[in-house]
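**Q** Structure below; questions to follow.
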Amino acid sequence: MPKNQHVVPHADGWAVKGDGNSKATSVHSTQKEAIDAAKEIAKNQKSELLIHGQNGQIREKNSYGNDPYPPKG
């Protein structure tokens, strides 16, 4: 089953973590690098990417799979 990917603050910069994982999948020095890595994983797994800010709150969400709320129109 695909796991949603989270980009979260980390002691060494920014980390990519799968839902429910205690360890980071990868750690990057910039948030952009972490987002790029997480985006590839999310696309491959057809899951969601959740980008957290420095405060830990989700600031952006992107879906790369079965979007439960597809755009209308």
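The values are calculated or read from the model by the stated rules, or taken from the named source; none is laboratory data. These figures come from a predicted structure and were not determined experimentally. Every residue, glycine among them, receives a Cβ derived from its backbone with ideal geometry; neighbour counts consider all protein chains shown.
**Q** Among the residues of region 28-35, is there at least one that is closer than 16 Å to residue 59 by Cα, modelled with pLDDT of 95 or more and of a type in the set (A, V, I, L, M, F, W, C)?
**A** yes
**Q** Applying the selection to region 42-64, what residues are surrounded by 14 or more Cβ atoms within 10 Å (Cβ to Cβ) and either part of a loop (DSSP other than H, G, I, E, B) or hydroxyl-bearing (Ser, Thr, Tyr) (or both)?
**A** 47, 63, 64
**Q** Restricting to region 1-41, and then to whatever is part of a loop (DSSP other than H, G, I, E, B) and polar (S, T, N, Q), can you tell me which residue is nearest to residue 55 (Cα to Cα)?
**A** 30
**Q** Looking at (1) crowded, with 16+ Cβ neighbours inside 10 Å; (2) free of Cβ contacts under 8 Å to residues at least 40 places away in the same chain, can you tell me which one residue 32 breaks?
**A** (1)
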